[in-house]
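Every number here is computed from the coordinates shown, using simple stated rules; none is lab data. Computed from a prediction, not measured in an experiment: that's the story for all the values here. With ideal geometry, Cβ positions are generated from the backbone for all residues, glycine too; neighbour counts draw on all protein chains shown.
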Amino acid sequence: MSANTERMRSYRRAAVTLLVVAALYEASARSGYFAPALLPTLPTIGRTLFAMLLDGSMLGHALYTFYRVMFGFGLAIVVALPLGILMGRFRTVEGFFLPLASALMPVPSLAWVPVFILWFGLGNTTTVLVVFYAATFPMLLNTWSGVRSVNPLWLRAAGTMGADENAMFWKVIIPGASPFIITGMRQAFLRAWIAVVGAEMIAASNWGLGWVIFDAKEFLNTDIMLASLAVIGFIGFVFERLVFGSLERATIQRWGMVRAAKS
Amino acid sequence: MPHIEIRDVSLIYDTPSGSVPGVQGVSFSIEPSEFLCIVGPSGCGKSTLLNIIAGFLMPTGGEIRIGGKIITGHGMDRGVVFQDFAQLFPWRTALANVTFGLEMKGISKAEREKIALEQLRLVKLDKFVRSYPHHLSGGMQQRVAIARALAYNPSVLLMDEPFAALDALTRDEMQRLLADVWRETKKTVIYVTHNVAEAVYLADRVVVMTPHPGTVKTEIPIRLARPRDPLSVEFLEHQKELLRHLGGEAGKA
């Protein structure tokens, strides 16, 4: 009950923030200081968005982008989760991969786009690989830290109770490191969204939210650009709140491994 | 034949400032179903000794035999309860914590839940079967830990100051409960504590250790009828005797 009213209150606060920002934007757009072509009013953007939703093009672009994000993000989890766990468990694995991660991590994922285009051509492969590159490191580093922060008492207790390597891995280390693993997934997903739009601007053709924005620039279609940005923000927000929020509530918050913020 | 024999066990810690003896030349044995307390001031190596018996640490000298066999590591013949409440798996309910060992043994789900339920009933927690550890009080968490250590039926229960972090009232209650559990299960128990009254209440025999390096100073049998009355004259006499052995200062107090 109180958790529900608390959530309602936080939604209301978020709505107030959005309304204030929207009002300020609308005032600037109507002030006459800026060319309407560069700063379209909110109703104009809304109409464009609505039209694009109706003819299905926005859905198509969003689905393409979403597909690329999920592919690259999924790939990053499949690679970085086991690798991060092995790095946390075995010093030789850590010794080999940590310098590699430290060297590659500061390289922005977008810097790879031209290289990947030469290697893999324009299109999905390049975009997905850029997303994969962006999502891998947050996942890897968080998992690695998570494994090292697993309470040694859990390992000892599990060992005395006869847990073998396999049981230790699935039934102690993964749940024990889950607060870090979930944080890693959150950060990876965020990085994936940032990377996909950038990669699509350069490497995608005909489909994808990033491509629409870049393409709209050619025709000075600011309304299309801003409508697409709104869709990007919306999908990211929904995923962050609904998917990761509920995942967290169903696992580590329920287990008391993290607490919900008090106020 | 004694259940557990500890023969001339030593452990030397390698630290940056040189090697430090943790325990040195410790020998004693424990009979089947005996409740043995190891008492000593903090830093005397009593927890180290328990960790060696549990198989978490390898002794640098000597050997430990359980049922005649030399131990080489941890094993399911021993159940361990630690001091820290955080020893429970927070992602598992009380019941699922207790079933863990049985799960590792490959026992069917229905069977292991039945056994775990019995164990939780033994520690009077059958109402909290579905609770996660963070919803339980410290005393309750330690009771789950005891049930968990007993569930896969080890013959030895090793306890490292399990009630030291509890408030005095809860501690008394837990000691009574443990005495009952021990009477019903007939496990061989090695119980480490620095609390003299606790040792006199629980133990058949108390091993007193001296610090730096940890060696056995003396062994004192406690031949009081159970359940014991902590306010009886005999009880207090035993307590005084233990305190005397632990050091002149403490003995005078």
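Key figures for this structure:
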{"quantity": "From phi via Karplus (6.51, -1.76, 1.60), per-residue ³J(HN,Hα) for region B:74-90 in Hz, x at Gly/Pro", "calculated": "6, x, 7, 7, 10, x, 10, 10, 9, 6, 6, 4, 5, 5, 6, 7, x"}
{"quantity": "Tail weight of P(r) past 32 Å, computed on alpha-carbon pairs of region A:44-250, percent", "calculated": "28"}
{"quantity": "Residues with amide H under 5 Å from that of B:LYS217, placed H, sequence gap 5 or more", "calculated": "B:VAL208, B:MET209, B:THR210"}
{"quantity": "Estimated dipole of region A:1-101 in Debye, rounded to 20 [Cβ of Lys and Arg +1, of Asp and Glu -1, Cα centre]", "calculated": "260"}
{"quantity": "FRET efficiency for A:GLU240 and A:LEU54, using Cβ-Cβ distance with R0 set to 30 Å, rounded to 0.05", "calculated": "0.65"}
{"quantity": "Pairwise label distance in nanometres, A:ALA167 with B:HIS135, each label 7 Å out on the Cα-Cβ vector", "calculated": "2.6"}
{"quantity": "Under the Karplus curve 6.51 cos²θ - 1.76 cosθ + 1.60, θ = phi - 60°, whole-Hz ³J(HN,Hα) for region A:133-141, x wherever Gly or Pro sits", "calculated": "4, 5, 7, 4, 5, x, 5, 4, 5"}
{"quantity": "Mean projected area in nm² (Cα convex hull; one quarter of hull surface) for region B:36-157", "calculated": "8.7"}
{"quantity": "Rounded tilt (10° steps) of A:178-203 against the dominant C-alpha axis of chain A", "calculated": "40"}
{"quantity": "Euclidean distance of C-alpha centroids, region A:167-202 and region B:18-34, integer Å", "calculated": "47"}
{"quantity": "Greater than 20 Å apart at Cα, pairs in B:LYS69/B:LYS187; B:LYS109/B:LYS186; A:LYS171/B:LYS109; A:LYS171/B:LYS187; B:LYS46/B:LYS186; B:LYS186/B:LYS240", "calculated": "B:LYS109/B:LYS186; A:LYS171/B:LYS187; B:LYS46/B:LYS186; B:LYS186/B:LYS240"}
{"quantity": "Cut-off 13 Å between beta-carbons: net charge of the residues surrounding A:ILE182, Lys and Arg +1, Asp and Glu -1", "calculated": "+1"}
{"quantity": "Residue order, fewest to most surrounding Cβ atoms within 10 angstrom, among A:MET161, B:MET58, A:MET52", "calculated": "B:MET58, A:MET52, A:MET161"}
{"quantity": "Helix-derived mean residue ellipticity, 222 nm - over the protein assembly as shown, DSSP H n ≥ 4, -39500 (n - 2.57), to 500", "calculated": "-18000 deg cm²/dmol"}
{"quantity": "Simple Cβ-charge dipole of the protein assembly as shown, Lys/Arg +1 and Asp/Glu -1, about Cα centre, in debye nearest 20", "calculated": "780"}
{"quantity": "Pairwise centroid distance, computed over Cα atoms, of region B:95-161 with region B:169-197, Å", "calculated": "17"}
{"quantity": "Fewest-first ranking of B:VAL208, B:VAL26, using other Cβ atoms within 10 Å as the exposure measure", "calculated": "B:VAL208, B:VAL26"}
{"quantity": "Amide H partners (placed H, <5 Å) of B:ILE12, local residues excluded", "calculated": "B:GLY22, B:THR60"}
{"quantity": "Estimated vicinal HN-Hα couplings, Hz - region A:74-87 in sequence order (Karplus 6.51, -1.76, 1.60; Gly, Pro = x)", "calculated": "x, 4, 4, 5, 4, 7, 7, 5, x, 5, x, 5, 4, 4"}
{"quantity": "Computed lengthening from A:ASN4 to A:VAL107, 0.36 nm per intervening residue step minus Cα-Cα distance", "calculated": "32.8 nm"}
{"quantity": "Nonlocal amide H pairs with B:VAL189, under 5 Å, H built at 1.01 Å", "calculated": "B:GLU34, B:PHE35, B:LEU36, B:LEU157"}
{"quantity": "Label-to-label distance, nm, for residues given as A:TRP119 and B:ARG244 (7 Å Cα→Cβ offset)", "calculated": "8.0"}
{"quantity": "Dipole moment magnitude, nearest 20 debye, region A:44-250 about Cα centre, only Lys, Arg, Asp, Glu C-beta charged", "calculated": "580"}
{"quantity": "Exposure proxy order (Cβ contacts within 10 Å, fewest to most) of A:LEU18, B:LEU120", "calculated": "A:LEU18, B:LEU120"}
{"quantity": "Dipole of region A:44-250, positive direction: furthest Cα of A:PRO99, A:SER145, A:GLY56, with charges on the beta-carbon", "calculated": "A:SER145"}
